[in-house]
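Comments concern the structure below.
The values are calculated or read from the model by the stated rules, or taken from the named source; none is laboratory data. Small disclaimer: the values here were computed from a predicted structure and weren't measured. Cβ coordinates were reconstructed from backbone atoms using ideal geometry, including for glycine residues, and neighbour counts include every protein chain displayed.
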Amino acid sequence: MKKALLVMTVMGAVGMAQAQASVTLYGTLDTGVGFKSLKNKDTGVKASRSGLFNGVWSSSVWGIRGSEDLGDGLSVTFKLESGFDVQTGQSSGGRLFKTTTLGLNSREWGSLTFGRVGNAVQNYAGFIAGPDDEEGLSNIENTFSAAGANKADNTIVYASPTFNGLSFAVGHSFNTHGPQSWDNSDNSKLITSALGYANGPLTLALGYDRLKAGNWEKAVHSWIAAGSYDFDVLTLAMAVGQDINGRQSGLGSFAPSPPFTFWNAGYIPDFKTTGFTINATVPINPASSAIVGWSVSRASSSFNEAYGLGKRQQSVYSAGYSYNLSKRTSLYALGAYVTGFSFQNVRGQQFIVGLNHNF
C-alpha cells in the first residue's frame, strides 16, 4: 500500500511539473540555388557567384525555448537560438548561440528580458522586410541599419502589455559586443526603444536607437517609422527612417572586398542617410502569395562631400513568390536588382529558388 501511494505521489508530482513547465525544440532550415553578381561601372571590376545559398528567405536556425508557470499570471521564460549553414553544418557568426534570453513575463505588467537580444523595433516592424534576402542584396538592413537581424550583448529590455492595441518596449545594452569591460569608456552602449499599434487591418511602428562608445566623437542615431494596411486583396507596407553618424550593421559587407567598398557598423564621421521602402504582398490562392518591393537610401550632401561617393542614392528592386507545400514547408523564388549599391557606381542582381522548412 505504501509503495502504491509513493508511486502515485511521484506520478502526480511529475504531472504537475509537466503542466507548469514546457520546453520546445524548434528551428528553420532554408537553402536555395541561384546566382548573385556585382559590377562596378567605374572600375570595371566584376564579381559573381552561382550555386547553393544558405538562409535566403529566412535564416537557418535551431533553438530551445521554454517557460515555467509561477502562478498569479507570472512566468519565467528562456530562449537559446543558434544560426548555422545548411550547406556546411557550421555555426554562423562564430557563436554557439546568437540569441540567449532569460526573463520574467506578467500578463498584467509586461515582460523583463535579459541576455543577447535584438533591438526593440524588430518585434514591431518586421512587416517592412518585403521580399527580403537575409544575406544579400535585398536585405532590409541595406536601407535601415536598425531594422535587420541585429543583436546586442549584455542587454535588458522591458516590453509592456498591450493596451487597446498599443504597446512599447525600451532597453539598454551595457556593451553591445563581448563581455562588459571594467573600463566604462571601452563599452559600446545601446539605448533602444519602440512603439507599436495594431488594430484590425492597420499596423504602425516607431523605433529609435542610440549607440555610443567612449572613444567615438558622436553617438550613432537611427530612427524608423513604419505602417501597413491589409486591404484583403493585398497588404501594403511602407517605412521611412534615417541613419545618422554611422550604422548599427554593416552595409554591403557580404560583397567581395576590397574590390567593393562597404561601410562598417559603428561610428562613421559625416555619415547620414535617409531611407524609404514600400512593398505589396498579394495572396494568389490559399497556398501561395507574391510580393514586390522597392527600397531607396539617399546620402546627405555632407556624407557625399566627405567621401566622394560614386552614387548618392542606392535603389533596390525586389520580387518574391512563395508556395506552401504544407504548414511547415514552402518553395520560394526571389529576385533583386540594385543600383548605386553601397553608394558606389555598382549594379547588382540576383535570382534564387529555394526550400524552407520549419520544425
Exercise for the section: Among the residues of the stretch 9-54, count how many are at pLDDT 95 or above, under 20 Å from Thr77 (Cα atoms) and hydrophobic (A, V, I, L, M, F, W, C). Expected result: 2
Practice task
Answer yes if at least one residue in the stretch 224-231 is of a type in the set (A, V, I, L, M), in contact (Cβ under 8 Å) with a residue 12 or more places away in the chain and within 24 Å of Asp153 (Cβ to Cβ), and no otherwise.
Solution key: yes
Exercise for the section: Scan the stretch 190-234 for residues that are touching a Gly at 6+ places or on another chain (Cβ under 6 Å), over 30 Å from Pro269 (Cα atoms) and either outside any strand (DSSP E or B) or among the aromatic types (Phe, Trp, Tyr) (or both) and jot them down. Expected result: Tyr197
Problem - Residue list for the stretch 29-83, restricted to those being within 20 Å of Arg95 (Cβ to Cβ) and hydroxyl-bearing (Ser, Thr, Tyr) - result: Ser58, Ser59, Ser60, Ser82
Fill in the blank from the handout: Filter the stretch 291-313 for residues that are out of contact with any Leu (no Cβ under 9 Å at 6 or more places or on another chain) and assigned to a strand (DSSP E or B); the one that is nearest to Pro269 (Cα to Cα) is Arg298
Fill in the blank from the handout: Selection over the stretch 222-240 where residues are closer than 25 Å to Gln350 by Cβ and within 16 Å of the chain's Cα centre (by Cα) yields a count of 3
Handout entry: Number of the condition not met by Gln180 [criteria: (1) in a loop (DSSP other than H, G, I, E, B); (2) more than 22 Å from Thr273 (Cα to Cα); (3) touching a residue at least 60 places away in the same chain (Cβ under 8 Å)]
Key = (3)
Practice task
Among what's in the stretch 314-335 and is in a strand (DSSP E or B) and of a type in the set (A, V, I, L, M), pick the residue that is farthest from Thr31 (Cα to Cα).
Solution key: Val316
Practice task
Only residues in the stretch 102-119 that are in contact (Cβ under 8 Å) with a residue 60 or more places away in the chain count as the first member; pair them with residues that are outside any loop (DSSP other than H, G, I, E, B) and not polar (S, T, N, Q), Cβ under 6 angstrom, at least 6 apart or cross-chain, and list the lot.
Solution key: Asn119/Asp209
Problem - Inter-residue pairs, beta-carbon under 6 Å, first over 20 Å from Thr281 (Cβ atoms) and in the stretch 331-350, second surrounded by fewer than 23 Cβ atoms within 10 Å (Cβ to Cβ) and β-branched (Val, Ile, Thr), 6+ apart - result: Ser342/Thr261; Gln344/Thr261; Arg347/Thr339
